[in-house]
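The block underneath contains the structure these notes are about, expressed in structure tokens.
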Amino acid sequence: MNHSTQVSLRARLQLIALLAGFIVLPLLLNDRFFQHVLTTAFIYVVLILGLNTVIGLTGQVSLSQAALYGVGAYTSAILAKQISLPFPLSFALAVCVSASLGFLLSACVVKMRSHYLALATIGFGEILINVFRSAEKLTGGANGLSAIPAPRLGPWIIDTPLRYCYLALAVAIACYAGMFLITHSQLGNAFRAVRDNEFAASSLGLNTVRLKVLAFTLGAGYAGAAGALYAHLDGFIGPESFSTSQSILLFCVLVVGGLGHPLGSLIGALLFVIGQEFFRAFSHYQLLLFGSTVIIVMVFAPQGIAGLLRSMLGQGSDAAKNPLQGATWNPNGFKAVPSGPTEILSSDTSALAYKNQRESPVLVIKDLVVRYGGLIAVNDVSFNVISGEILCLIGPNGAGKTTLLNVIGGQQQPAQGSVMLNLSGTSAASEKEFSVIGLQPHNLARVGLARTFQTSQLFSELSTVENVLVGQYLHRKTRTSLLTILFLPWIAVKKDTEAREEAEKWLRFTGLYDYRYQLAKHLPYGLRRALEIARCLATNPSILLLDEPSAGMSPSERKSLATLLRSISNLGTTLIIVAHDLDLVRSLGDHVVVLDHGKVIFDGSPQDLRDSEKVIDAYLGKRRTELQLAF
Amino acid sequence: MLTQQMLSGLASGFIYALLALGFAAVYRSMRVINFAQGDLFMTGAFVGLFLAKNLQLPFLAVLLLTGLILLAFGMVFERFVLAPASSHTPEVHAMIRTVGLSVVLQGVAIITWGTEEYRFPQLLSSASVSLYSISIPVNLLFVAGTSVILLGSLVIFLRHTQLGLSMRAASQNRLGAEVVGINVSLARSFAFGLSASLAGIAGVLIAPLWYVHYSMGVMMGLKGFTAAVLGSLGSFPGAVIGGLTLGVIENLTAGYVSSVWKDAAVFAILIAVLTLRPQGILGLRYKERV
């Protein structure tokens, strides 16, 4: 899947052809039965598009879509029957009620993962179905509601199958267009980032809770719209259409059609409804046929029918055309940046700078203690990080370096001590000094703290440029809201283009521009690490934390890395690097802190490091003479 | 009254526990929620019906044969449908295949037996044992007894046999298990077969108390899954405790709150538990590697 922010001409043409086809089709099928089938199919398109937002885009397995569909149907039916509300109003209210229930549901379940989430949504659906069955005064109980009036839109009464078909088509087109815009927007990109790696998404400043709630609410709103359309179609609704089995079937239809892209929802819904009608004559074999189709598609085309079509049409297969085998990271993009490798070894000046800036710390770590059960991983650590310096954090294995980085990065809470951020010198902060501890990762990213991880945490199904776009999402300047995307799409597209250009700038800076359309999962190791850095830079951090950035890199890549890190430092970013690579430390570090057994055993310039006995002891063991003296 | 309610709760609890164990076994070995569990339960009931009615076999033989047939079926399904591509596609796809299986099983049941309800021959006495003032139906005792024996043998199997050990190893670290020469694919097939077999046996156990019907497994599947998650998914003791808790809660709500709102009450409790204690009631956490 290669979702590009800019919609290509080809995609537009395909869309227009599709649209024209659907507009003409009900007229061509001059038959009430076929028009009815088509209407049902359009309703399912809306329903499954909604489910796709939750499952396909955001990766949250929700199994209450049929129940929310029922909420929409009952709401519109009850309003139309009991207080004869006109259709546009009952439709709008059905959408609102379903969306609010979706909001409520997601507020309860947003912290849950995979199977817990699936189960909680099943439970929620079962509760709703129980209400449909048992609140007899309102819903008619097991008998359902009948004689639901046909919708009236101003002067027109929608009472023939042809008219209803066009009503459903209009709603389906609106819903499809909305989902298409969302999918191709930065918001869609952020949804996919949450799906691929929630942990990394929040470390880049995405409020994953808000995004998930938004996706659920949106999906439920779509279900409500579909439900309202369904209620007035036959004038009858009963509780069995909204059961959990139906939700599970919808999930199947979505996956068989193809997760993630609205086209998949369209294909899945059409095939499902039309197939169901076609095989109605063989009613006994219907379930068997449906089940076997699901299994066969899943075995032979796990990407769904849409995925199969896309790969057959040659879309989204840039990676196959452009094999990355053996590609190494060899950036030449940042040659334009003033600092060349020659400056790297001018340690005298940096040592001087180190002494001069001693007074303006950007990060103050004081008396920090972290315990794992009985083990003290970080023991009473205090040091300052000066604005704009490159701090190298070194120490033998198990010295507590990553733990310390996790505390600064907000992934771990210390037992005691403080980490104060002082961004008075930079523009990003509104407050002058505040504590990092207790801030959620996404808020940390927003105050200007970004980090990479020891094992790379990329969004594997997103392309390189999309990965960087996720990093950029926290900037309000280029971000677009849902309302802008849906109602002022041209503004959203313009902003998305700007954001993409900005992201490409970071890709040039890190030497990844040539790989901008590759999926992250296809990148070789060195490029992945570079992409993680590029993604962090896009958040425009004041402080960048890097956990062993050079691990596993080839010697030439290490050189590139050193150059890149120096360029980043020249941008004014403070770097805190956990390193094993002493060459890197010597060539790059302005300031070195050495940890051993959770304690700081050295805090000073790299020049003094060489002479520190404690450090030599920690790395090489105690000197022989001392050992002999000890005996 | 209370004791009576609790007792019948425990009986359905044991059935839930058997289904929950199946969910746990599959989840442990392949990180997949087996949506076909309820319909394997239904299949077990129908296979049992066939063996008991058409072949006139005694109850224990029915139980044993059904277990074996479903074991074989589960292993074949895993080998030929779940296993291909399992290593390079997300778990969601395997999950959907189990949904497909669930629909297929219902479809086959409709084709073979239609949509009528069948009465299972009463192979055991329908008498009750009286203990103090509580009457316990023999059927119920049998369900509980069989479940306990099954659970016991499962524990012994996993702890003390070569295959059981290799299944545990394979579920904890696939690569590591392969390196030391464990046939991981066999272990996975067996796990799925085992779960199908447990569901089938549960189906036969419950069949004399219920009617046998093609859609009898739908709700049972949900309940079994609920039980497995309540006791933290992936844990065997958790599955048993989750199943019993669910059975008791359900019967108490039906007895004291309202039988109409029984399901809603159960699921409301479930959501509350999941919200407050996302690790399940027991708080056992089955470790997942990120």
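Throughout, read-outs are computed from the coordinates displayed, never taken from laboratory work. Just so you know, these numbers come straight off a predicted model, no measurement behind them. FYI the Cβ positions are ideal-geometry reconstructions off the backbone, even for glycines, and counts take in every protein chain you see.
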Local electrostatic count, B:Leu10, Cβ distance below 15 Å [Lys/Arg +1, Asp/Glu -1]: 0
Cβ-defined net charge surrounding A:Ser456, 9 Å radius [Lys, Arg +1; Asp, Glu -1]: +1
Expected integer from the mean partner chain Cβ neighbour count at 10 Å over A:123-129 is 6
Where the only charges are on Cβ atoms (+1 Lys, Arg; -1 Asp, Glu), what is the dipole of the range A:9-243 about its Cα centre, to the nearest 20 debye? 440 debye
Might you report the magnitude of the Cβ-based charge dipole of the protein assembly as shown about its Cα centre, with Lys and Arg at +1 and Asp and Glu at -1, to the nearest 20 debye? 240 debye
Put in order of increasing Cβ neighbours within 10 Å, starting from the fewest, B:Trp210, A:Trp506, A:Trp490 give A:Trp490, B:Trp210, A:Trp506
Can you tell me the orientation of helix A:244-257 relative to chain A, as the angle in degrees between its alpha-carbon axis and the longest Cα principal axis, to the nearest 10? 70 degrees
Mind ranking B:111-117, A:123-129 by how tightly packed they are, going by the mean number of other C-beta atoms within 10 angstrom, highest first? A:123-129, B:111-117
Expressed as a whole number, the average count of other chain Cβ atoms within 10 Å around the Cβ atoms of A:170-182 is 0
Ranked from highest to lowest mean number of other Cβ atoms within 10 Å per residue, what is the order of the peptides A:264-270, A:519-525? A:264-270, A:519-525
Percent antiparallel among DSSP beta bridges (both partners in the protein assembly as shown, rounded to 5): 65 percent
When the dipole is taken about the Cα centre of the range A:98-191, and only Lys, Arg (+1) and Asp, Glu (-1) are charged at their Cβ, what size is it in debye, to the nearest 20? 120 debye
Neighbour-count ranking [beta-carbon atoms within 10 angstrom, fewest first] of B:Leu163, A:Leu545, A:Leu117: B:Leu163, A:Leu117, A:Leu545
Neighbourhood net charge (15 Å Cβ-Cβ; Lys/Arg +1, Asp/Glu -1) for B:Asp263: 0
Treating the angle as unsigned and between 0 and 90°, give the value, to the nearest 10°, between the Cα long axis of helix B:236-256 and the longest Cα principal axis of chain B. 30 degrees
Ranked highest first by the average count of other Cβ atoms within 10 Å around their residues, in what order do A:91-102, B:237-248, A:74-85, A:53-64 fall? A:53-64, B:237-248, A:91-102, A:74-85
Name the residue from A:Cys175, A:Ala200, A:Pro86 whose Cα lies farthest towards the positive end of the charge dipole of the range A:9-243, charges +1 on Cβ of Lys and Arg and -1 on Cβ of Asp and Glu. A:Ala200
Listing B:Arg159, A:Arg529 by rising number of other beta-carbon atoms within 10 angstrom, fewest first, gives B:Arg159, A:Arg529
For A:285-293, what's the mean count of beta carbons from other chains sitting within 10 Å of each residue's beta carbon? 6
Kindly provide the helix-only [θ] at 222 nm of chain B, computed as the sum of -39,500 (n - 2.57) over DSSP H runs of four or more divided by all residues, to the nearest 500 deg cm²/dmol? -23000 deg cm²/dmol
Name the residue from A:Gly59, A:Tyr517, A:Gln286 whose Cα lies farthest towards the positive end of the charge dipole of chain A, charges +1 on Cβ of Lys and Arg and -1 on Cβ of Asp and Glu. A:Gln286
Relative contact order (percent) for the range A:9-243, with alpha-carbon contacts under 8 angstrom and 6 or more residues of separation? 42 percent
Relative contact order in percent for chain A (Cα pairs under 8 Å, 6+ apart) equals 18 percent
By how many degrees, between 0 and 90 and to the nearest 10, does the Cα long axis of helix A:347-356 differ from the longest principal axis of chain A? 80 degrees
